[in-house]
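The values are calculated or read from the model by the stated rules, or taken from the named source; none is laboratory data. Quick caveat, the model's predicted, so the values are computed rather than measured. Note that we place each Cβ from the backbone using ideal geometry, even for glycine, and neighbour counts take in every protein chain shown. For accessibility, only protein heavy atoms count, side chains too; no ligands or nucleic acids. Shrake-Rupley method; radii C 1.70, N 1.55, O 1.52, S 1.80 Å.
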Amino acid sequence: TGGTGLAPRDVTVQAIAPLIEKQATGIMSALVSKCIEKTPFAMLSNPLVGITGRCLAVCLPGSKKAVAENLDIIFPVLGHILELIGDEKVSIEKTHKTLQSGDKKSRDEKSRDEKSRGGHVCPHKKGLNSHSGDERREVAFRSRHSAWPMLPVDQALSLITTAATARPPHTTTLSVVGNHAPAHGYVTASAVHAREDLPNYRASIKDGYAVVSGDGPGVYKVVAASQMGKASGVVLGSGTVARVTTGGVVPLGADAVVQVEDTELVSSTAQGEEDTIRILASVAPGTDIRPEYA
């Protein structure tokens, strides 16, 4: 065993965690999401990837096959990871310029291809909606379906309680650095209450699109994008939608949110932004909106 599972004997992650100075959560998510495409049992793994000093530490599973699969995911970007850890500014800048040049070349080639075919080619008809392989990474072409399987609540809670270890509370003093205290690794033993009601705006519960619920399914123009704590500044009218992130501000005029899984990309701009999308589901007023001060 590699000690990265959920069994009592799997303690590798707990042993290595104190050595980690900064977790690489993106790499850990990539390992699980890619491996879960091969087997649903990958969700039972407990990977740990992080930085210690100027080194990258990776806790891998015990089987040779799983090790090979994990390393195949990391190796393509390992060089750049080490550049970032080592703060090699010249190499980092060179890598970024190469990537940006490649993206522009890809867009130019796609544009020429579309023109040779006589016009715009709908992205979801070309399979760009799935986000596998080396497909485009602009927001318009993000995955609209999660690689993570939905678990029943009781099963999810069972996994959490099995993996979590209860510890008796103790009091400690954290030194404030700038505007924050280094609380990594700590969990509050009692409830913490905000001095003001939060959030102070209507927020989306999911990634998706703010809509006028009465419009129903159909193709709509995306007129704005709204993120957490940052309003788009538009008043949404019938026949239009606004892209919202989880926790994003729901614009005035919208009375519901349609989750991204219930949509399809129809067309995009040259900058990789969404132009028009297709809403596939009807929603009732108030769907997936967290009221102000709730």
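Tabulated data
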quantity	calculated
Residue match in region 214-235 (condition: touching an Asp or Glu at 6+ places or on another chain (Cβ under 7 Å), more than 14 Å from residue 140 (Cβ to Cβ) and either outside any loop (DSSP other than H, G, I, E, B) or modelled with pLDDT of 95 or more (or both))	no
Residue match in region 151-160 (condition: aliphatic (A, V, I, L, M) and at pLDDT below 75)	no
Single residue of region 171-185 satisfying the filter (at pLDDT 80 or above and within 25 Å of residue 22 (Cβ to Cβ)) that is most open to solvent (accessible area, probe 1.4 Å)	173
Every residue from region 257-272 that is touching an Asp or Glu at 6+ places or on another chain (Cβ under 7 Å) and either under 19 Å from residue 213 (Cβ atoms) or exposed (fewer than 14 other Cβ atoms within 10 Å of the Cβ) (or both)	257, 259, 260, 269
Criterion (among the hydroxyl-bearing types (Ser, Thr, Tyr), open to solvent by less than 80 Å² (accessible area, probe 1.4 Å) and under 18 Å from residue 184 (Cα atoms)) met by exactly one of 12, 25, 52	52
Tabulated pairs, region 271-294, first charged (D, E, K, R), second open to solvent by 60 Å² or more (accessible area, probe 1.4 Å), C-beta under 6 angstrom, 6+ apart or interchain	278/219; 288/205; 288/206; 290/205; 292/202
Helices (runs of 4 or more DSSP H) lying entirely in region 1-118 (those with 2 or more residues that are modelled with pLDDT of 85 or more)	12-16, 25-35, 64-85
Sole exception among (1) within 26 Å of residue 268 (Cβ to Cβ); (2) in contact (Cβ under 8 Å) with a residue 60 or more places away in the chain for residue 220, by number	(2)
In region 236-256, the residues that are charged (D, E, K, R) and either out of contact with any strand residue (DSSP E or B) (no Cβ under 6 Å at 6 or more places or on another chain) or open to solvent by less than 10 Å² (accessible area, probe 1.4 Å) (or both)	255
